[in-house]
Amino acid sequence: MGASSYLSQNDHRIFGLEPMAIIFSLPWALLMWAMVIFFVALLLLCFRSTNLPTRLPVAVMSLFIAGLITWCIHNAWESSADGELWLSSLVPSFWSTSRQVNSTLRRKLFSLFDLGSDRGQPSPHPMHDIGGGPSVRAHGVVV
């Protein structure tokens, strides 16, 4: 069976050759995801159950590998204009996302600890006033 007859037999009337392309690309894609998951598991193992002399070289090499992966993705992009577009949109999106996360965390922490509403008021809990002066107990009695 020749290549043209094989392709014509597997040509779907609606989807064309896309299902066959997906089937043939699955092993490679699953291999890539398996490598990513293995790398994450290895990093979790190294950073959770080791000491500082082990963590430092692993962190340095991980950053080096991440830089190489980013460099390969950048160089393998189809055209230089698309690569520049990817890189220029990556940095602002990273900073805007980090600002959004920072403001959300700040709001949640302020609401969780109710910071900002009782400034200057004595704390009702006896352990919050560690100074040498009088402390206010939970029932409002000054000792």
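The values are calculated or read from the model by the stated rules, or taken from the named source; none is laboratory data. As the structure is a prediction and not an experimental result, all values here were calculated from the model. Note: accessible area is taken over every heavy atom of the protein model, side chains too, but ligands, DNA and RNA are not part of it. Shrake-Rupley method; radii C 1.70, N 1.55, O 1.52, S 1.80 Å.
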Query raised in the report: Residue-wise, which Karplus ³J(HN,Hα) couplings in Hz belong to the range 32-47, taking 6.51 cos²θ - 1.76 cosθ + 1.60, θ = phi - 60°, and x for glycine or proline?
Result: 4, 5, 5, 5, 5, 5, 4, 4, 5, 5, 5, 5, 4, 4, 5, 8
Requested in this report: Enter the accessible area per residue of the range 1-82 (Å², integer; probe 1.4 Å; all protein chains in place).
Outcome: 86
